[in-house]
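Accompanying notes for the structure given below.
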Amino acid sequence: MAKCIMVQGTSSNAGKSVLVAALCRIYSRRGYKVAPFKSQNMSLNSFTTKENGEIAIAQVLQAEAADIEPSIHMNPILLKPKGNFTSQVIIQGKAVADMDFYQYQHEFRETALKAIEESLNILKEEYDIIIIEGAGSPAEINMRKEDLANMEIAHLADADVLLVADIDKGGVFASIAGTFSLLDSYDRKRLKAVVINKFRGNLDILMPGVEKIEKIINAPVLGVLPYDNSLKLPEEDSASLHEHKFDSNKEIIIGVIKLPKIANFTDIDPFEFEDDIGLKLIDIHDEIKEVDAIIIPGTRNTVEDLENLKETGMDEKIKKLANDIPIIGICGGYQILGEKIHHINEKNEEIIVDGLNLLKIETFFKKDSNMDKIVEQSIGTIINNNSSKTNLNASSNLANSMFSSIPDEEIRGYEIHEGITKLTGSQPLLKIKKGVGNSISSEYDGAIEGNVIGSYFHGIFHNYNFRACFLNYLREKKGFKPKFDEDPYEAKKDYSIEKLAKIVENNLNMEFIDKLIIKK
């Protein structure tokens, strides 16, 4: 039976996710079978597991750090915000309903807790060590009875707790002391030590405060982790999008439309690992200037974001560029690029909304989208234009010039979408080998029309050859040499995980953490 330890924080974004990832890598390298676990996560960035279920992207990174394949049991409850204080509730990978906070906590809490306990026990049987991540702060005393993510889970798992505090926000000692003082004795006994995170400055100046806080809380500070902005790891909150800093000195600039309800924006992460590529986030109120391509990412509400684009005039700005530069839509962004979207309003009436009309496709939504949500790990192949029976128009099809070097290339991704799409004139991008793509009745995914490409495959740019062909098209168009090297995304991401693990090992009292686990 696995031994458990838990990482909680004094606040959101204190560093819980990365510390769990680091510990997963450290103990995995020592020969233990390690798994991450987060009972309940609220995130707009999700991933499809081997069971064809959804979990938050943070647990995927942690699983990668532990050198294991992600599973639905590593994040049994996922809440995906949909606006108006409502979230889609996903239990062990499957969407069950849209609920507001009151309904979830008062009508569904026991169901959620049962799923959490079941998933935790499944992991305990398979692994040696479970590294559990909390959510937000355990000191939200107004919500202790409803807790499904912090101390309630620590007791359930019989886990000692490390508390992470973010010094970069200021008031670190007050946040540590406040957390300890606000917990009752039953919960407080689980707190065994503190980690101070994101420190930049002179450690000698900080140490007197560390010594005082240890006396105040009667618990040790295991160490101080330095702030390292060279680490490049996937983020799960849309607030982190500001970390995608625009560098105008890059040779190629890719504009990313920052939709109000943007989701699964980790699709753009691989571009940040390319030395000559700059990402430029474009608010829907902004002008589009000096970009070599546009990406419209996923959204948690396609119709609302389409209307937002129209209200601000961003739709016309995008359409004007379609003859000059590539426009790529992923998932909801793909749907937005089409001719029409058929959806059901709150009165159960079918409403037809005009899309950007850059792809000859139509998308159809059903009323109860939770029951028809497509969640799949998928595989497709680039359609070989020379041998395809799809009558591709070579003179107007971007695929001929962009992907001509990789005909029949296998492309892997994952699908998380509501709605199905029908091709009404555009040619498909991929032939499906596994998954759904445009619809169950279709053997294709995505569409191409002139400079415009769409796909339901999240992670499509994580495929190095696909990404390289896209980028080389942009490079050669501007007179730069093409590149075909080792995939910088996979290499640098793993390097970041290794560097993170070394930072933790070098700056924390690992013997103390070892004893918390080994003594159980």
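Contact order for the stretch 1-123, expressed relative to its length and based on alpha carbon pairs under 8 Å spaced 6+ residues apart, stands at 20 percent.
Between Glu126 and Lys212, residue separation times 0.36 nm minus the direct Cα-Cα distance comes to 26.8 nm.
Quick one: accessible area per residue over the stretch 479-520, 1.4 Å probe, rounded to a whole number of Å²?
Working: 2640 Å² over 42 residues.
Spelled out: the 1.4 Å probe surface of the stretch 479-520, per residue, equals 63 Å².
Straight-line reach from Lys289: taking Cα to Cα under 19 Å and skipping same-chain neighbours fewer than 8 places apart, the lysines in range are Lys245, Lys250, Lys258, Lys280, Lys310, Lys317, Lys319, Lys320, Lys477, Lys478. The region of the chain that goes longest without hitting one of the GluC sites (Glu not before Pro) in a DSSP loop, each with at most 10 other Cβ atoms within 10 Å, is 1-286. When a/c reaches 1.5 or more, the comparison of a/b and b/c decides; with that in mind, is the stretch 422-507 rounded, prolate or oblate per its Cα gyration tensor? Judged from the Cα gyration tensor, the stretch 422-507 comes out oblate (a/c at least 1.5, b/c at or above a/b). In order along the stretch 167-172, phi translates into HN-Hα couplings of 6, 5, 7, x, x, 5 Hz, rounded to whole numbers, per the Karplus curve 6.51 cos²θ - 1.76 cosθ + 1.60 with θ = phi - 60° and x for Gly and Pro. Within straight-line reach of Lys360, meaning a Cα separation under 18 Å, sit the following aspartates and glutamates at least 8 residues removed in sequence or on another chain: Asp315, Glu316, Glu339, Glu443, Asp445, Glu449.
Taking all protein chains into account, the per residue accessible area for the stretch 17-65 stands at 24 Å² (1.4 Å probe).
Less than 5 angstrom separates the built amide H of Ser439 from those of Thr421, Tyr444, all sequence-distant by 5 or more or on a different chain. Within a straight-line Cα-Cα reach of under 17 Å, Lys212 can be paired with the following lysines, leaving aside sequence neighbours fewer than 8 residues apart in one chain: Lys192.
Put simply, the amide H of Met42, placed in the peptide plane, has neighbours under 5 Å in Leu79, leaving out anything fewer than 5 places away on its chain.
Lys-Lys pairs in the stretch 38-124 that are eight or more residues apart or on separate chains and whose Cα atoms lie under 24 Å of each other come to 16.
Using the Karplus relation 6.51 cos²θ - 1.76 cosθ + 1.60 with θ = phi - 60°, the per-residue 3J(HN,Hα) values for the stretch 15-31 come to x, 4, 4, 6, 5, 4, 4, 4, 5, 4, 5, 4, 6, 5, 5, 7, x Hz, with x marking Gly and Pro. Couplings for the stretch 54-59, taken from phi via the Karplus curve 6.51 cos²θ - 1.76 cosθ + 1.60 with θ = phi - 60°, read 8, 9, 5, 5, 4, 6 Hz in order; Gly and Pro are left as x. Helix 302-312 and the long axis of the chain differ in direction by around 70°, with both axes built from C-alpha atoms. In plain terms, the chain from Lys320 to Glu251 could stretch by 22.6 nm, reckoned as 0.36 nm per residue minus the Cα-Cα distance.
Provide the FRET efficiency to the nearest 0.05 for the Glu304-Glu107 pair, computing r from the beta carbons and using R0 = 25 Å. Write out the running numbers ahead of the final one.
Working: r = 26 Å, r/R0 = 1.05.
Working from the Cβ atoms, E equals 0.40.
Heavy atoms of the protein chains alone define the surface here; on that basis the stretch 78-230 has 47 Å² accessible area per residue at 1.4 Å probe size. For the chain, carbon and sulfur atoms together expose 48% of the accessible surface, with a 1.4 angstrom probe and every protein chain in place.
The values are calculated or read from the model by the stated rules, or taken from the named source; none is laboratory data. Everything numeric here is computed off the predicted structure, so don't read it as measured data. FYI the Cβ positions are ideal-geometry reconstructions off the backbone, even for glycines, and counts take in every protein chain you see. We work out accessible area using only protein heavy atoms, side chains counted, and drop any ligands, DNA or RNA first. Shrake-Rupley method; radii C 1.70, N 1.55, O 1.52, S 1.80 Å.
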